[in-house]
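Notes follow the structure.
We did not get these values from a lab; they are worked out from the coordinates using the rules stated. A quick note: this is a predicted structure, and the numbers were derived from the prediction, not measured. Please note: Cβ atoms are built from the backbone with ideal geometry, for glycine as well, and neighbour counts cover all protein chains shown.
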Protein chains: 2
Amino acid sequence: MEGKATIQDVARVAEVSIATVSRVINNQGGVRKATEERILKAIEETGYIRNAAARSIKIKDTKTIGVIVPDINNPFFPSVMAGIEQKARENGYLAILASTNESTVVEGEILKNFIERGVDGVILTTANEAGDHLKQVHEQGIPVVAVDRSIQRYDCDTVLVDNVKGSYQAVQHMILQGHEKIAIICGPQNTTPGRERFIGYKKALEDYNIPLDERYIIQGDFGERSGYLAAKELHDLEERPTAIFASNNLMTIGCVKAVSALDWKLGEEVSFFGFDDVEIATFVNPKLSVVSRPMHAVGEIAFQLLHERIQFKEPLPKREYKLSPELIVRESSRALFPKGIQSGQTS
Amino acid sequence: MEGKATIQDVARVAEVSIATVSRVINNQGGVRKATEERILKAIEETGYIRNAAARSIKIKDTKTIGVIVPDINNPFFPSVMAGIEQKARENGYLAILASTNESTVVEGEILKNFIERGVDGVILTTANEAGDHLKQVHEQGIPVVAVDRSIQRYDCDTVLVDNVKGSYQAVQHMILQGHEKIAIICGPQNTTPGRERFIGYKKALEDYNIPLDERYIIQGDFGERSGYLAAKELHDLEERPTAIFASNNLMTIGCVKAVSALDWKLGEEVSFFGFDDVEIATFVNPKLSVVSRPMHAVGEIAFQLLHERIQFKEPLPKREYKLSPELIVRESSRALFPKGIQSGQTS
DNA sequence: GTGAAAGCGCTAACAT
DNA sequence: ATGTTAGCGCTTTCAC
């Protein structure tokens, strides 16, 4: 019992050949009921578990997919992962996860390791959109789907959230509530999300003929501190904005902290919209309006796409999904001057 | 180039035998510089990546450990995972993660899959402390270390956080600040953390000769709503507690929400201590005092223990680590009557 | 219905 | 320094 029992051991105990044992293990039928039972009993007795390594050396697929994320501590990824995992399980796959800590090198190592282990496919949010380190995977013909960040150097299925649309809608919502002095706290412009969310902002203003005002465009770095600083900067303006849009979760947190510290009345003196729902959103008063990403769905679709690739190895064309984010309007975004009174006037 | 290149292909291209190729792959030395370079070039050319399956069929270890968590969305686990991963990487191991969604059945399946894949060891927070489903792992002689929840049926190394100590210290802290009417929002008493945190509470009161008051002991279920309800119940009391201890993160959130809704002045009218640091802790005003668990360290130690088991397969005795939680005193816990005035007494 | 035997890709003696 | 070869545990013809 101790140590690994092999198919040989089972065969010996059941007094049959290994071929027959193999047949029942993979229930291919064609085995007499009696022998099958004898074998089953032998398996039980020996505590046999088949060796996947030996198996997958013959068989091509491993029914395993690898998932790679840049930062396991960012709540976005566990949610996506949950979606992947659920779909994977439904389809008889095991999803294994590894985190790169935003390091391209580590990502390459993990990738290699996954390939060595013969994963059937990979879902990843890369630490490096250039994608040169994906060469190996590509060469092996292993299907890949990119999530949240696209890959430049190689074509692969991609599932993104429509950042442009999300920020557009948030800004539009505030415009329709009468705001014109709308500030944005941008993410880094060398990242896709940072760029796209800024584009949505500009597009909304443009569509409603509101000129871009440089004073209201603050560069942040997706970090909490930069959100804090940005809010402060906006508050220092002679002509303060009446609404703020923060491009991500951390900057949302920083911004709200600052607004509160400055005793700038959220929702009243300044409306607010954040990108990505955060735990504190429903905690602060007033509750935060946000653009929420369908993370679970992202995971499900990513698996879906991957699964199709795995099944029909044919060279399907590259596909790109763009999921629509959802506008969650809570209390921090309000109509400007509900009584129709203009700024600078007395009541 | 397309499709898997094998060691054979490399040997052919480099015009050497597969043995020599194997030698350079595993850099065992004893290969002339020139040939080595030829082989390296051939590897590059063919895009060869060694097949881990074929390898681990001969070699015993896979340099891979499996990590199983019950709920990937609970922020506790990603943190622990980060600790495990870091140590694993430092030691040349790859950590793969899978989540059971608190299902014993799924946990069994994952375990089996991990065994099939020949993981060298497993770190898990089980969905079922009884541990009958761990039979298979045990039989295979694969080392296991339990994290945060212990395993009853089998002996294995365990790393826990000292719940009793954590809640003891929190309550003690409040006692030393003059509080006597200290309420607890308990977790389920059929879970180890729920039980232990209650024990620490009782012990602290006992040590300071404060009689247990049933009115101040509220049963919760570790869910946010129960924390909310509990706070309400306490507020309804004729003789309200002057301090509250909440046994976990979610109930902390619920409780604080309720306190705020009831306009019960946190820190002033009622002191507060939570178990587990939460994002909102530093967000609300006043900032929350909490018992914080050293999650990263838990992960590091778990790997450490596992690694030792993997290396010296000898039957070490079962080891149990209990890490001390850290008391983070912020603003929600304050001295009762800071001027030294005793309850019911005159100065 | 069952078994014998040939590999799968690799490592590790054992030769040379 | 390099090659030959015997397996590792398994699946899969091909016989019987």
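Some notes on this structure:
- Of all DSSP bridge pairs formed entirely within chain A, close to 10 percent run antiparallel.
- The mean number of Cβ atoms from other chains found within 10 Å of a Cβ in peptide A:49-59 is 6, as a whole number.
- Considering segment A:36-111 at the alpha-carbon level, its Rg and Dmax are found to be 17.4, 52 Å.
- Centroid-to-centroid separation of segment B:287-320 and segment A:210-224 [C-alpha atoms, Å]: 45 Å
- Of the cross-linked pairs A:K87/A:K202; B:K87/B:K287; A:K87/A:K203; A:K318/B:K4; A:K232/B:K232; A:K135/A:K202, those separated by over 28 Å at the C-alpha level are A:K87/A:K202; B:K87/B:K287; A:K87/A:K203; A:K232/B:K232; A:K135/A:K202.
- Label spacing, shortest first and in nm, from B:A335 to its equivalents in the remaining copies (7 angstrom along Cα→Cβ): 5.2
- The mean sequence distance of close C-alpha pairs (under 8 Å, at least 6 residues apart), as a share of the length of segment B:163-294, puts its relative contact order at 25 percent.
- Amide H contacts for A:Y321 (H built 1.01 Å from N in the peptide plane; partners 5 or more residues away or on another chain; cut-off under 5 Å): A:T158, A:V159, A:L160.
- Coil-residue trypsin sites (Lys or Arg not before Pro) of segment B:209-274, DSSP, other Cβ within 10 Å capped at 14: B:K265
- Filtered GluC sites (Glu not before Pro), segment B:209-256: DSSP coil and at most 15 other beta carbons within 10 Å: B:E238, B:E239
- The same position A:Q219 in the other copies lies at 5.9 nm from this copy, comparing label points 7 Å beyond Cα toward the beta-carbon, shortest first.
- Exposure proxy shown here: for B:H296, A:H173, A:H179, the number of other Cβ atoms within 10 Å sets the order, fewest to most, as B:H296, A:H173, A:H179.
- Size of electric dipole in segment B:7-50: Cβ of Lys, Arg +1 and of Asp, Glu -1, about Cα centre, debye, nearest 20: 160 debye
- Top positive-direction residue, dipole computed over chain B with Cβ charges, set B:P193, B:I142, B:Q177: B:I142
- Mean projected area in nm² (Cα convex hull; one quarter of hull surface) for chain B: 23.0 nm²
- Using the rule -39500 (n - 2.57) for each DSSP H run of four or more residues, divided by the residues of the protein assembly as shown, the 222 nm mean residue ellipticity is -12500 deg cm²/dmol.
- Going from the fewest other Cβ atoms within 10 Å to the most, the residues B:D148, B:D221, A:D263 appear in the order A:D263, B:D221, B:D148.
- Inter-chain Cβ neighbour count for A:73-84, averaged per residue, equals 3 (cutoff 10 Å, partner chain atoms only).
- Dipole-positive endmost among B:I39, B:G108, B:G118 within segment B:16-130 (Cβ charges, Cα centre): B:I39
- Total charge dipole magnitude, segment A:77-168, about the Cα centre, Cβ charges on Lys, Arg, Asp, Glu only, Debye to nearest 20: 100 debye
- Normalised contact order of segment A:123-188, rounded percent, pairs of Cα under 8 Å and 6 or more residues apart: 26 percent
- Selection from B:N248, B:L234, B:W264 lying farthest towards where the dipole of segment B:163-294 points positive, charges on Cβ: B:N248
- The ranking of B:F222, A:F275 from fewest to most other beta carbons within 10 Å of each one's beta carbon is B:F222, A:F275.
- Degrees, to the nearest 10: B:192-207 long Cα axis against longest axis of chain B: 40 degrees
- Highest-MSF residue in chain B out of B:G47, B:G30, B:G267 [GNM, Cα springs under 10 Å]: B:G30
- Take each residue in B:93-101, count the other chain C-beta atoms within 10 Å of its C-beta, and the mean is 6.
- Dividing the alpha-carbon radius of gyration of segment A:7-50 by the rule-of-thumb value 2.2 N^0.38 Å gives 0.95.
- Semi-axes of the equivalent ellipsoid for segment A:86-155, computed as √(5λ) from the eigenvalues of its C-alpha gyration tensor and ordered from largest down, come to 19, 13, 12 Å.
- For chain A, the Cβ-based charge dipole about the Cα centre amounts to some 1080 debye (Lys, Arg positive; Asp, Glu negative; other atoms uncharged).
- Taking every alpha-carbon pair under 8 Å whose residues sit at least 6 apart, chain A reaches a relative contact order of 16 percent.
- Gaussian network model of chain A, springs between alpha carbon atoms under 10 Å - residue of A:Q86, A:Q219, A:Q28 with greatest fluctuation: A:Q28
- Over the protein assembly as shown, equivalent-ellipsoid semi-axes from the Cα gyration tensor in Å: 50, 37, 21
- For B:Q311, label point 7 Å along C-beta direction: distances to other copies, nm: 4.7
- For segment A:211-319, alpha-carbon Rg over 2.2 N^0.38 Å: 1.45
- Selected from B:F312, B:F303, B:F198 as most flexible by GNM, with chain B as the system and alpha-carbon contacts under 10 Å: B:F312
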